[in-house]
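Have a look at the structure below before the remarks.
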Amino acid sequence: MAAAGGGGSGAAAGRAYSFKVVLLGEGCVGKTSLVLRYCENKFNDKHITTLQASFLTKKLNIGGKRVNLAIWDTAGQERFHALGPIYYRDSNGAILVYDITDEDSFQKVKNWVKELRKMLGNEICLCIVGNKIDLEKERHVSIQEAESYAESVGAKHYHTSAKQNKGIEELFLDLCKRMIETAQVDERAKGNGSSPPGAARRGVQIIDDEPQVQSGGGGCCSSG
Amino acid sequence: MSLKSERRGIHVDQSELLCKKGCGYYGNPAWQGFCSKCWREEYHKARQKQIQEDWELAERLQREEEEAFASSQSSQGAQSLTFSKFEEKKTNEKTRKVTTVKRFFSASSRVGSKKAEIQEAKAPSPSINRQTSIETDRVSKEFIEFLKTFHKTGQEVYKQTKLFLEAMHYKRDLSIEEQSECTQDFYQNVAERMQTRGKVPPEKVEKIMDHIEKYIMTRLYKHVFCPETTDDEKKDLTIQKRIRALHWVTPQMLCVPVNEEIPEVSDMVVKAITDIIEMDSKRVPRDKLACVTRCSKHVFSAIKVTKNEPASADDFLPTLIYIVLKGNPPRLQSNIQYVTRFCNPSRLMTGEDGYYFTNLCCAVAFIEKLDAQSLNLSQEDFDRYMSGQTSPRKQESENWSPDACLGVRQMYKNLDLLSQLNERQERIMSEAKKLEKDLIDWTDGIAKEVQDIVEKCPLEIKPPNQSLAAIDSENVENDKLPPPLQPQVYAG
């Protein structure tokens, strides 16, 4: 995407943000396809190179700020629901995926939102994602309902199709921008000395870095 | 000798027999001419001096060693080292009272003023150096070799690490959480210092941090792994028992997407189990993490071979749970706690290793809380399996899980054969009984038939023939026979 290239190689102030993003969603909503599409730009492909799609990383350059994204997939089966807190501890962002043809999966998202807000407060950036918009005809979750719900809980709503590669770049890019903002607010707060120095330790790791040599333009997300 | 000769002489001065100290008592050559009291005083003084000298020697040797290390790195090392030595004394004094390591790094202007205390605090440092085993020696050497490549930064890092280890020596009595906190602070401070002051690029910082972790944790391991002050050991035993009680859980119940009938897959499963068990044998948290990662990679391969697509977390977690259940790794909780407390946090929180480790934590949490519902079983079935009354494998012996090892498989096969044999034997027995009955029936039938025939044609027994009957009465001509001989008696 164009925006990802942004400030590009010119920005020498070498800072790399490391973000942890958890991926939550019921079994068959297409979480895996979503990340595979994003990181490998492949869908149901025999040539997928990764051995697994449960932990994926991606390097981004957003407006000259470098971001290392670690995407943590979580087991979506109901029986593992109680393990959620172990997964999303210390995460900067959460992507909550539901299937637009499956009302139940949207209900599940609501549960997770409640839980996340309770456990992590407002520090975490939430994205609610309606996947499989290629199956618009079979839609069971209304757009208005989903969007107004997302707004009411301070989350952003996105529509994606892993199959047709729609909306995925925007989703991750937007999320990264929001996480950078949150991190910057945090930093400023820390600069004022309002938060104890120990608190930052397990949160965002800001690492000084040598300026990365980037071929201008597309950055890492040169999908198309 | 001289004393003796003098005694033999004619004139012996009185003063020569007296204590050399001149206290008025007589001295004794065995006490080098002192009286007993003065000798004792003198002797103690000498011994004290000897001890002092030994200390100084040890100190000097250590300094030399450090100087050698420093000079091999940079020319201005000596100067900073003397200061470091001084700072070390100062901090030693401080850390005895203060529970945080952060003070190490604050450039305090207050310089150690109480010399006596410094002297005292200095004493235990050689004892720390002494208790190194072969392994820690090897790790230390590697660490120093490694740091040499970083010149000034390396020297700095070495200094800080040494200070930290000494500080930790005094903190052994603190709770494990406090010790963990100190270690974490240390990691963070060292990393920050390298970045801000040393201007070390992040990749190198990461590498150095790995080495620091290896160095300090090899030394601390003995004291901070499964410490007595915690209930880690109890938890280990609880989870171990729990896993044993769950021996009957099948891959089907957990919906594990792995088909162990494929030899390649079962091979991967075995490797994964070996890796997770191996975790306990490592000392350094990072090495333990590496075992978890290797195990996870094997799990992924197994899933990939079975399903022919990259594994998602939905596949991975159940399989990992299954591996943990099958492997029952030793001291699982202790290992998890140890890694959580003492691993470099940047690795644990965001990296790939961290992800797998989190999954392992999830697997353990799941096993602890596992109930009938989480295995899609009815409560009665679950209770029966847990109490060991029945095993799901016995019920469905045809499709028993392929996870059973060769011996168990053979056993089930043999049991199966035995039951078949039993059945056949019973059949033979019943047939034999039938045969016996048939035989009896047959003989009875024959007997009856014979009876009938006998009844139909009864055997007539004719009266005896008259002529034959008169065989005795034929002796009519007995009188014609000569009379029987009579015994005759002869006289004489």
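Residues of region B:433-447 with the amide nitrogen closer than 17 Å to a label point 7 Å from the Cα of B:Leu459, along Cα-to-Cβ, please. Answer for this model: B:447.
The phi torsions of region A:174-184, fed into the Karplus equation with coefficients 6.51, -1.76 and 1.60 and a -60° offset, translate into couplings of 4, 4, 4, 4, 5, 5, 5, 4, 4, 5, 5 Hz, rounded to whole numbers, with Gly and Pro shown as x.
Among B:Tyr158, A:Tyr17, the order by Cβ neighbours within 10 angstrom, fewest to most, reads A:Tyr17, B:Tyr158.
Go ahead and run the numbers for FRET between B:Ser387 and A:Gln184, Cβ-Cβ distance against an R0 of 35 Å, rounding to 0.05. Could the numbers behind the result be given before it?
Numbers: r = 58 Å, r/R0 = 1.65.
Efficiency, rounded to the nearest 0.05: 0.05.
On full extension, the segment bounded by B:Asp452 and B:Ser133 gains 104.3 nm, given 0.36 nm per residue less the C-alpha separation. Residues whose amide H comes within less than 5 Å of that of A:Cys125, counting only those at least five positions distant or on another chain, are A:Gly93, A:Ala94 (H built at 1.01 Å from N in the peptide plane).
For the cross-link pairs B:Lys241/B:Lys307; A:Lys46/B:Lys297; B:Lys148/B:Lys204, which exceed 24 Å when the distance is taken from alpha carbon to alpha carbon? Violating the 24 Å limit, Cα to Cα: B:Lys241/B:Lys307.
Could you put A:His157, A:His140 in order, starting from the residue whose Cβ has the fewest other Cβ atoms within 10 Å? Don't skip to the answer; put the middle values down first.
Values: A:His157 17, A:His140 13.
If I rank by nearby Cβ atoms, fewest first, I get A:His140, A:His157.
Couplings 3J(HN,Hα) for region A:136-141, derived from phi with the Karplus relation 6.51 cos²θ - 1.76 cosθ + 1.60 (θ = phi - 60°), are 3, 4, 9, 4, 10, 10 Hz, where x marks Gly and Pro.
Residue-wise HN-Hα couplings along region B:420-430, as the Karplus relation 6.51 cos²θ - 1.76 cosθ + 1.60 with θ = phi - 60° gives them from phi, are 4, 4, 4, 4, 5, 5, 4, 5, 4, 4, 5 Hz; Gly and Pro carry x. Here the residues B:Met194, A:Met119, ranked from fewest to most Cβ neighbours within 10 Å of their Cβ, fall in the order A:Met119, B:Met194. Taking amide H as placed 1.01 Å from N in the peptide plane, the amide H of A:Thr57 sits under 5 Å from that of A:Ile71, each at least 5 places away or on another chain. Distant-in-sequence amide contacts of A:Ile62, defined by a placed amide H-H separation under 5 Å and a gap of 5 or more residues or a different chain, comprise A:Val67. Straight-line cross-link partners of B:Lys413 among the lysines, defined as a Cα under 27 Å from its Cα and at least 8 positions apart when in the same chain: B:Lys271, B:Lys326, B:Lys394.
Where in region B:285-321 is the amide nitrogen less than 19 Å from a point lying 7 Å along the Cα-to-Cβ axis of A:Lys46? Residues B:304-311 fall inside that zone. Computed FRET efficiency, Cβ-Cβ of A:Gln164 and A:Glu103, R0 25 Å: what is it to the nearest 0.05? Computed FRET efficiency for A:Gln164 and A:Glu103: 0.65.
Between B:Lys21 and B:Glu228, what is the FRET efficiency for a Förster distance of 60 Å, r being their Cβ-Cβ separation, to the nearest 0.05? So the FRET efficiency works out to roughly 0.65.
For region A:36-90, what ratio Rg/Rh do Cα atoms give with a Kirkwood hydrodynamic radius? Taking Rh as the inverse mean 1/r over Cα pairs, Rg/Rh reads 1.06.
No lab work stands behind these numbers, since they all come straight from the coordinates. Note that the coordinates shown come from a computational prediction; the quantities given were computed from them, not determined experimentally. Note that each Cβ is placed from the backbone with ideal geometry, even for glycine, and that neighbours are counted across all protein chains shown.
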